[in-house]
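*Asks:* This is the structure, below, for whatever I ask next.
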Amino acid sequence: MSANPESDPRVPLAERRTKLAAFRTSIALDRTTLAWIRTTLTMTSFGLGVIGFFRTQRQQAETAETIRMHQAAIHFGIALVLIGVTATICVAVSHLRNLRKLHRDEIPRPAIWPLSITIAILLALLALAGLWSFTTH
C-alpha cells in the first residue's frame, strides 16, 4: 500500500530542499557573473592602460618607432575594450536569461558554445594579430 503524498512528512522537506537548491544555484550564478564582470573590467582597463602607456612613450620621445607603437597600441587597446564590453553585455544577457528560467522552475541548460571559449579565441586571435603587426613592421 502506497503512502498518501499529502500525509507523507517527507514531501514538505523535499519541497524545501528543492527551493534551497534553486537558491544555491542562483547564488552560484551570481558568483559566476561577478567573476565575469571582474574579468571584463580587467580586459577593458588593460586596453585603456596600454593606450595610455604608449601615448606617454610617444610624448616623451616622438620617433617613428614610438608613433608606430602608439598606433598599434590604440588598435590593440580598442580591441580589448570592445571584447570586454561585448563580453559584459553577453554575460548580463545570459545571467538574466538563466535567472528567469530558475524563477519559472526550469533547469537552465549549458551553452552549446560557452562565452569563455569565445573570449579565449578572440584574445588568442588578438594576440596573434599583435605579434604579426610587430613582426611585419
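*Asks:* Tell me whether segment 78-92 contains one or more residues that are more than 21 Å from the chain's Cα centre (by Cα) and either modelled with pLDDT of 90 or more or in a helix (DSSP H, G or I) (or both).
*Replies:* No: zero hits.
*Asks:* Going by what's in this entry, would L41 be described as in a helix (DSSP H, G or I), over 30 Å from E15 (Cα atoms) and modelled with pLDDT of 90 or more?
*Replies:* When the stated conditions are applied, L41 passes them.
*Asks:* Restricting segment 44-81 to residues that are closer than 25 Å to L34 by Cβ, of a type in the set (A, V, I, L, M, F, W, C) and in contact with a Ser or Thr (Cβ under 9 Å, 6 or more places away or on another chain), which is most open to solvent (accessible area, probe 1.4 Å)?
*Replies:* Among those residues, the one meeting the criterion is V81.
*Asks:* Would you check if there is a residue in segment 34-41 being of a type in the set (V, I, T) and open to solvent by less than 40 Å² (accessible area, probe 1.4 Å)?
*Replies:* The answer is yes, given that some residue of segment 34-41 is of a type in the set (V, I, T) and open to solvent by less than 40 Å² (accessible area, probe 1.4 Å).
*Asks:* Still on this model: Of all residues in segment 82-103, which are polar (S, T, N, Q), open to solvent by less than 50 Å² (accessible area, probe 1.4 Å) and within 17 Å of L122 (Cα to Cα)?
*Replies:* Listed by number, the list is empty, since nothing qualifies.
*Asks:* Would you confirm, using the coordinates I've provided, whether I83 is over 21 Å from A28 (Cα atoms) and among the β-branched types (V, I, T)?
*Replies:* For I83, the condition - over 21 Å from A28 (Cα atoms) and among the β-branched types (V, I, T) - is met.
*Asks:* Answer yes or no: is there a residue in segment 61-72 that is small (G, A, S) and outside any helix (DSSP H, G or I).
*Replies:* yes
The values are calculated or read from the model by the stated rules, or taken from the named source; none is laboratory data. Values in this document were obtained by computation on a predicted structure and should not be read as measured data. Backbone-built Cβ (ideal geometry, glycine too); neighbour counts: all protein chains shown. Surface accessibility is based on the protein's heavy atoms, side chains included, excluding ligands, DNA and RNA. Shrake-Rupley method; radii C 1.70, N 1.55, O 1.52, S 1.80 Å.
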